[in-house]
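Read through the structure below, which is laid out as structure tokens, and then see the notes.
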Amino acid sequence: MRLGATVLAAAYDRLYTENNHRRLERVVVALSVLGFLTHLLLVFLARRWSDAPPWITAAGHNYLSAIATPFNFVLFYEVLILIAAIPQSTTQSIATQFEIVSLIFVRGFFQDIAGIDLDELRKPSTDLFPALLDVAAGITMFLLVSIFRHATRRREAAAPGELPPALRRFIDRKKMVSFAITILFFGLAAHSIWEFAADLEHGPGAAFHTQSGFYADVFMAMIFTDVLILLLSLLVSDHYELVFRNAAFVISTILIRSALTAGHPYGAAVGVAGMIFGILTVLIYNYNLRVIARK
């Protein structure tokens with residue numbers, strides 16, 4: 001077990017280097033710009049070409065739908081960064097997950113707008129409700145992410161110093177888990193791309209559900225990852241307050257990930273509730289530490 005963890009931890013270190021991170025950033029930016037321009041071109045062709053093939057008409061007839069395309073590349077990058085952040089502090093990983101879910105809801109706004117006729121946007125309509133709900137949930141989540149980071153800033157600012165052997169082994173095991181999830185992530189991505197290409201014949205709506213299903217599958221797998229890491233953390237510390245905090249974080253991540261599949265209007269409420277639960281967990285944990293320090 002220890003040898004396997006060491007080997008996979010070394011593979012993690014080779015994969016997630018600073019140079020690779022910068023290269024990936026440049027690739028994501030280039031693909032985002034290229035995807036955005038390509039989508040605009042496909043919409044232009046679909047509007048002008050009456051007998052366009054399915055792979056062109058799948059782009060839709062609303063130019064606003066192209067805005068969602070670069071977000072797909074950004075989300076892919078953010079999820080990969082989330083997986084890379086697993087060996088880091090628990091609070092940093094949770095904050096990254098909150099950010100990703102908020103980005104998914106913002107992307108949902110552009111997808112909802114793409115399904116509405118541009119002329120309908122000039123007058124009040126119930127068709128706008130899902131889009132407005134997504135953007136309201138996104139901005140609320142943005143605020144909650146800021147509050148969460150503020151609540152955890154003091155704990156993260158402390159210098160770690162020399163790590164105990166048990167903690168180093170725990171970090172190596174988290175790197176092992178992170179590397180395994182990375183392999184699964186790219187496998188699911190390849191399968192999702194295959195399904196996306198097949199669903200293009202049925203229109204952009206079917207293709208969008210394929211993308212959403214991909215993130216739901218990845219986040220579902222990471223729920224079990226969180227539970228596994230929670231169990232491994234018991235080898236480092238079995239203090240009540242730390243175990244309770246980590247278990248509460250697992251509940252928070254389950255809630256925000258469930259928000260992706262709950263649908264309108266419950267998804268937004270579940271996602272916001274999950275973030276509020278995470279914030280309350282941090283605040284109570286910090287209060288508990290201050291109480292203990294005074295004894």
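The values are calculated or read from the model by the stated rules, or taken from the named source; none is laboratory data. Owing to the predicted nature of the structure, the values given are computational and were not obtained by experimental measurement. Cβ sites come from the backbone with ideal geometry, for glycine too, and all protein chains shown count toward neighbours.
Data table
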| read-out | value |
| --- | --- |
| Test result for G274, assigned to a helix (DSSP H, G or I) and either in contact with a Lys or Arg (Cβ under 9 Å, 6 or more places away or on another chain) or of a type in the set (S, T, N, Q) (or both) | yes |
| Odd one out for S93 among (1) within 23 Å of the chain's Cα centre (by Cα); (2) closer than 25 Å to D134 by Cα; (3) of a type outside the set (A, V, I, L, M, F, W, C); (4) assigned to a loop (DSSP other than H, G, I, E, B) | (4) |
| Selected residue [in contact with a helix residue (DSSP H, G or I) (Cβ under 8 Å, 6 or more places away or on another chain), surrounded by fewer than 20 Cβ atoms within 10 Å (Cβ to Cβ), at pLDDT 80 or above and of a type outside the set (S, T, N, Q)] from L45, L34 | L45 |
| Residue satisfying condition, being modelled with pLDDT of 85 or more, within 19 Å of L103 (Cβ to Cβ), buried (at least 17 other Cβ atoms within 10 Å of the Cβ) and among the hydroxyl-bearing types (S, T, Y), within set S192, S258, S252 | S252 |
| Residue pairs meeting the criteria (Cβ under 7 Å; at least 6 apart or on separate chains; first part of a helix (DSSP H, G or I), in segment 121-142; second among the acidic types (D, E) and modelled with pLDDT under 90) | D127/E120; P130/D112; A131/D112; D134/D112 |
| Qualifying residue in segment 53-66 (condition: modelled with pLDDT of 80 or more, under 21 Å from the mean Cα position of the chain (by Cα) and either part of a helix (DSSP H, G or I) or surrounded by fewer than 19 Cβ atoms within 10 Å (Cβ to Cβ) (or both)) | yes |
| Test for E162: is it outside any helix (DSSP H, G or I) and modelled with pLDDT under 80 | yes |
| Test: residue in segment 284-291 that is surrounded by 14 or more Cβ atoms within 10 Å (Cβ to Cβ), at pLDDT 80 or above and touching a Leu at 6+ places or on another chain (Cβ under 9 Å) | yes |
| Subset tally (residues that are part of a helix (DSSP H, G or I), charged (D, E, K, R) and farther than 18 Å from I113 by Cβ) for segment 34-52 | 1 |
